[in-house]
Amino acid sequence: MSTPSKSPAEKMRIATIWLDGCSGCHMSLLDIDQRLVAAANRIDLVFSPIVDTRTYPQNVDVCFIEGAVASEEDVEKLHLIRSNTRRVVAFGDCAVTGNISAMRNRFALQEVMQRSYLENATHQPRTPDRDIPHLFDKVRPVHAFIDVDLFLPGCPPPADAIFEVLSALLEDRLPDLAGRVRFG
Amino acid sequence: MTLTIENLQEIAKTETDVLESYRYRINVCVAAGCLSCGSDAVKASLEEEIRRQGKEKACRVRAVGCLGLCAVGPLIDISPLNVAYQGVQPSDAPDIIGSLTGAPVSRLLLPTDHPFFSRQKKIVLENCGIVEPERIESYIAAGGYEALYQALRQMSPRQVIDDVTASGLRGRGGAGFPTGLKWTTVYKAQQADKYVVCNADEGDPGAFMDRSVLESDPHRVIEGMAIAGYAVGASRGYIYVRAEYPLAVERLRRAIKQAKQLGVLGENIFNTPFAFDIQLRLGAGAFVCGEETALIASIEGRLGRPRPRPPFPAEFGLWGCPTLINNVETIANIAPIVRRGGDWFAGIGTEKSKGTKVFALAGKINNTGLIEVPMGTPLREIVFDIGGGIPAGRRFKAVQTGGPSGGCVPAQFLDMPMDYESLKDVGAIMGSGGMIVMDDGACMVDVAKFFMEFCMSESCGKCVPCRVGTAQLFGILERITAGDAKIEDIDTLKELCDLVGAASLCGLGQTAPNPVKSTLRYFENEYMAHIRRHHCEAGVCAMGKAREDTA
Amino acid sequence: MTSNASIPPKPRTDVNPARIYTLRINGREDETILTVARQNGIDIPTLCHLDGLAERGACRLCIVEIQGSPKLYAACVTLVKQDMDVITDSPRIRDYRRKILELIFSERNHVCSVCVVNGNCELQNLAVKLGMTHVRYGYLNLTHAVDASHPRFSLDHNRCVLCLRCIRVCKDIEGAHTWDIAGRGIHARIISDLNQPWGESETCTGCGKCVQVCPTGALSEKGKSVAEMTKRPEFLPYLQMMRKEAEP
Amino acid sequence: MPPATASPALSSPSPSPAAPDKRLRIIDRTMRLHGYASHALIETLHAVQEAFGYLDPDLMRYVAGRLKVPLSRVYAVATFYHFFTLKPPGEHTCVLCKGTACHIGGAAEILRQVEAMLGVHAGETTADKKISLMIARCLGSCGLAPAGVFDGTIVGNLTLDTVVNKLQEWRSHDADHRKSAGDCENRDRCP
């Protein structure tokens, strides 16, 4: 599958997705504020929790993946993304390291389920067992499953850093993240 | 009061006379291997039988050290008949004693012209199976402590060191550092207090050479240490021995006590100003204490964590003093070198690897046990002639040398001479002499995993590359053997091997990747089969199970 | 996917172009490479090193090359020699340092976002400094406890990097030797006294020096929330100097 | 557990737990032999384990006080060296060798089966305190691989059957003789 190269006038097709995260990274994306408006005419947001598209499209230029990988379903999504996306950005600490989502790794899955759905439940304690994806024993970062082209750490990554990545992608250059990002 | 050479000769003569007054000397191996097959009971029943047949005047039963062929113990040998028996049981005693004057007991006979015996050349093990390890008189009758006398009375320390240097002896603990050079460094150090340490913390799994020497000929080690002490100017020595070798510990204790009583240890040895004392220190189950700086820390009662070198122990060792650390086998070579001269020793072996080497043959080989051959003996001769080949008609696959720091030598190198350089060239090391023979039933990925698990659990945890790197390497190997790995894991494996080897603090970490690197070098196809086809050709890895679990 | 001429190669954020710094030694031979380098304004990353504590040479982040030797040397424990050429930074060293840091991150549970020293952490800063954007090795997910039994401080083993600064400061500066390290290898961990809860330690003076020298959030003051704790290990060289003065 | 004495690490230790013991004298002798020097710590811990079978916290405290070694250092040394054990051993001890030759000879499978049979992992003691299952890194009896140590006696050329038989013998033997051998301190030395 090859894509014709884009003229500067052509918009960059961008997707974003949440796996196991808190959506904080997406909030930070919106924190780019008015600069986002300026970039908007060069960007086409083709898939995202904040737009109304159900299926992941083809020929995506960049996908920002928020959240860690905790289930079969997540992995399926990742493979779908990878095969339809030119560049994949691990977006935020959960995607990059597993972060908060992976803190359950120290415990057996059964213990975690027990604690969250039975012991701590105030209303109708019951472990969900139907129509939900199979959870992995260990939560892992995105690059444990697919190739990642760019890592954008932070919890959440600062708006400035996200904007720098966007700008760099639009300008076809390497982003300069020095001093702009860190874990946490 | 002080011991003279005449005393020594007198003891030797008495011992020899007494022995020769018996028509038959029945030597029963009481090293750990044969003991665990019940050789002490065999010895008791032989003595009982001699009494019963009223042959006390003609026969003497002697408890001797390792006869080498551990595979078929308990072993006994009868001099001067030149008859050896294998697999002897207490119930065989009447037949054995009864046959002394007639034909040997054919069902027990072990042919003494067996290549296992005839192809060996014994220096380190020359007394094993000959002297009684629990009696100093027996050692003296075999020429023991003459070398010490010679060194103290006829040679200057410099001359002793020159002899050791001329011999070309290299450290038998693994790295092969020239022994003479090490001695010279300690000799030159300008400090009043110096120490000699014998490293008997034989930690390599699959190696039992040192154990055998300690159990079979402990005085040899004491004599070697005393000579070393004289040469480098030390008056105190320590033997750091594994607590897992209780028999060796017991025999060393007894030997040190005897040596002190006789005066070959203590003040004014052989009427010279030289004084030397030896103490035992027990290891406590930490492989890393084979590393010199960790060993020193352990003798000082501390945690056995290595420290960065330099400074080297030869300059800054035990309690900050110059310290000579040599392995058991190295020290066991000293007395013969002094007695017969460095040139004699240098005439044995190859150009860069002099003398003999003791190997512990184990694994899938017919004649498991202890052998000593000249350096440079071809591997094929060791495995197939001396070792008797692979049991059950299976195919030779590789031999692993050097334990967790070593590598494997595959079949295409069977004609390689066993010396330091050749082994290094093929990615293995001499190591301390453990030789594990593997047949086609061994999975090389599993072997690599086995050693990595060892290194991970023996890592002291001080430096990051070793502590975490070995755990990461083990994790990857575990995934591969479970059929749960990706092809990229091979790259990560190689990359981590490079990092751990280059960046670790001490030898344990620096060599920990060797078994992986070596198996990857010769058996990468096996790794690939595990990853790509979830197939373990040897049938060792339970690949299916892991896949079922995830399904 | 076929490649397209207009698409530049993958932007790699995990490598930065390295410059090679060479330090040529002439003069004194009683100082470490690290000291001399820092005196000359050359930065070498460190973690287990702390001014005022005995060196260990354990974290291996300060590895350097010495011209003419294939081996790597820890700058904090290697003494300089006349005419020694030290390479303190090169692509090879950079690569190793970053991988070592990745190993540290993979070992325990270093989740910066919920850490009391987030923003003031030496480990976190090292990741930025060495350009470590992610950890390629699998996380080991070791399970460790939190010891909150002390009235004023708490110890979270999950954030410990085993630099042993706490042990050294307690033993050499405070003189209590409350801390030591139990077990070995990947299972090693900090303990107080006979592996008692810290709050029940019979030897701890409660001086808090260990907390101040800890490079991460493993040792912290109670009552501090995420990103609220800062450490001040600067007291150490001063204390060391004053103790020396006080000696007869 | 509040501190029992005011200056615990250096207090003169009250000879401790189980009994006013002859065994303590062995420990004292070891320390005296080394002049109560701190570098005698490992030797002393060997003596403690030899006499008591394991390193009891009270005894570690006792040794720390006598040798003037910090408590934490004693604990560190006791756990760094795998020869030391902090838990009392069972009545019988089965040590399986995990050395290279034994591994090649199938020791891993034997260990797996024995763990399953006893319901414990290596390094643990069965709930009835009867059998401790241990592993050794290498017994140096590679010529007899796979090898093990059963109550102090090395046995070579092990098979799963020989190990299982031995363990079952321990179990049933003790069941039969529990009462008659009750007053004997060391069951193995009983006639």
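All of the numbers you see were taken from the coordinates with simple rules; none came from a lab. What you see is a predicted model; the values in this text were computed from it and never measured. All Cβ positions, even for glycine, are placed from backbone atoms using ideal geometry, and neighbour counts span all protein chains on display.
For this structure, a couple of remarks:
- Chain B: DSSP helices with Cα axial extent of at least 20 Å and average Kyte-Doolittle hydropathy no lower than -1.0: B:5-20, B:218-232, B:246-262, B:444-458, B:464-481, B:488-503, B:514-532
- Only helices enter the 222 nm calculation for the protein assembly as shown: every DSSP H run of n ≥ 4 contributes -39,500 (n - 2.57), and dividing by all residues gives -10500 deg cm²/dmol, rounded to 500.
- Summing Cβ point charges (Lys, Arg +1; Asp, Glu -1) relative to the Cα centre of the range A:12-171 gives a dipole of roughly 160 debye.
- Average other protein chain Cβ within 10 Å of Cβ, residues B:208-218: 2
- Cα principal axis extents for the range B:201-330, largest first, Å: 41, 32, 23
- When the square roots of the Cα gyration tensor eigenvalues are ordered a ≥ b ≥ c, the ratio a/c for the range A:1-154 is 1.5 or more and a/b exceeds b/c, which makes its shape prolate.
- Magnitude of the charge dipole for chain B, about its Cα centre and with charges confined to Cβ atoms of Lys, Arg (+1) and Asp, Glu (-1), is about 400 debye.
- Membrane-span-like helices in chain C, defined purely by DSSP H runs whose alpha carbon atoms cover 18 Å or more axially and whose average Kyte-Doolittle hydropathy reaches -0.5, do not occur.
- Modelled FRET efficiency - R0 22 Å, residue B:392 with residue B:41, Cβ distances, 0.05 increments: 0.15
- The label-point distance for residue B:275 and residue B:101, in a model that sets each label 7 Å from Cα toward Cβ, rounds to 5.7 nm.
- Extreme residue, positive dipole direction of the range B:197-286, given options B:243, B:197, B:265 (C-beta unit charges): B:265
- Pairs with C-alpha atoms separated by more than 25 Å, drawn from the list B:397/B:449; C:71/C:171; B:122/B:352; C:99/C:209; B:364/D:129; B:364/D:98, are C:71/C:171; C:99/C:209; B:364/D:129.
- Peptides C:205-216, C:176-187 ordered by average Cβ neighbours within 10 Å, highest first: C:176-187, C:205-216
- Selection from B:71, B:130, B:167, by position along the positive dipole direction of chain B (Cβ): B:167
- Using a Förster distance of 22 Å, the FRET efficiency for residue B:478-residue B:440 (Cβ separation, nearest 0.05): 0.45
- Here the calculated FRET efficiency for residue A:121 and residue C:246, from their Cβ-Cβ distance with R0 = 60 Å, stands at 0.45, rounded to the nearest 0.05.
- Computed from Cα atoms, the angle from the helix A:72-84 axis to the main principal axis of chain A rounds to 10 degrees.
- Straightening the chain between residue B:253 and residue B:175 buys 25.2 nm, computed as 0.36 nm per residue apart minus the Cα-Cα spacing.
- When peptides B:244-254, D:162-172 are ranked by their average number of other Cβ atoms within 10 Å per residue, the highest-first order is B:244-254, D:162-172.
- Over the range C:21-89: Kirkwood hydrodynamic radius from C-alpha pairwise inverse distances, Å: 11.9 Å
- Taking 15 Å as the straight-line reach from the Cα of residue A:77, the aspartates and glutamates in range (excluding those fewer than 8 positions away in the same chain) are A:20, A:66, A:147.
- Share of pairwise Cα-Cα distances greater than 53 Å in the protein assembly as shown is 27 percent (whole percent).
- Where both bridge residues fall in the protein assembly as shown, DSSP classifies roughly 55% of the beta bridges as antiparallel.
- Extension gain (nm, one decimal) between residue B:495 and residue B:415, 0.36 nm per residue minus Cα-Cα: 25.6 nm
- Chain B, relative contact order in percent, only Cα pairs under 8 angstrom and at least six apart counted: 14 percent
- The order of the peptides B:435-444, B:342-351 by mean Cβ neighbours within 10 Å, most packed first, is B:435-444, B:342-351.
- Relative contact order (%) - the range C:144-248, alpha-carbon pairs under 8 angstrom, separation at least six: 29 percent
- Three semi-axes of the equivalent ellipsoid, the range C:112-233, Cα gyration tensor, whole Å, largest first: 24, 17, 14
- Farthest positive-ward along the range C:112-233 dipole, Cα basis, beta-carbon charges - from C:127, C:219, C:179: C:127
- The protein assembly as shown, dipole about Cα centre (Lys/Arg Cβ +1, Asp/Glu Cβ -1), debye to the nearest 20: 960 debye
- By the rule of a C-alpha distance below 24 Å, with chain neighbours fewer than 8 residues away ignored, the lysines paired with residue B:43 are B:55, B:57.
- Note on B:279-291: average number of Cβ atoms from other chains within 10 Å of each residue's Cβ is 4.
- Exceeding the 31 Å Cα-Cα cut-off - candidates B:194/B:354; B:354/B:517; A:138/B:424: A:138/B:424
- Cα gyration tensor shape for the range B:266-362, rounded if a/c is under 1.5, else prolate or oblate: oblate
- For the peptide D:131-140, the mean number of other protein chain Cβ atoms found within 10 angstrom of a residue's Cβ is 6.
- Prolate/oblate/rounded label for chain B (Cα gyration tensor, a/c 1.5): oblate
- Remark: relative contact order (the range D:50-156) = 28 percent; criterion is Cα-Cα distance under 8 angstrom and separation of 6 or more residues.
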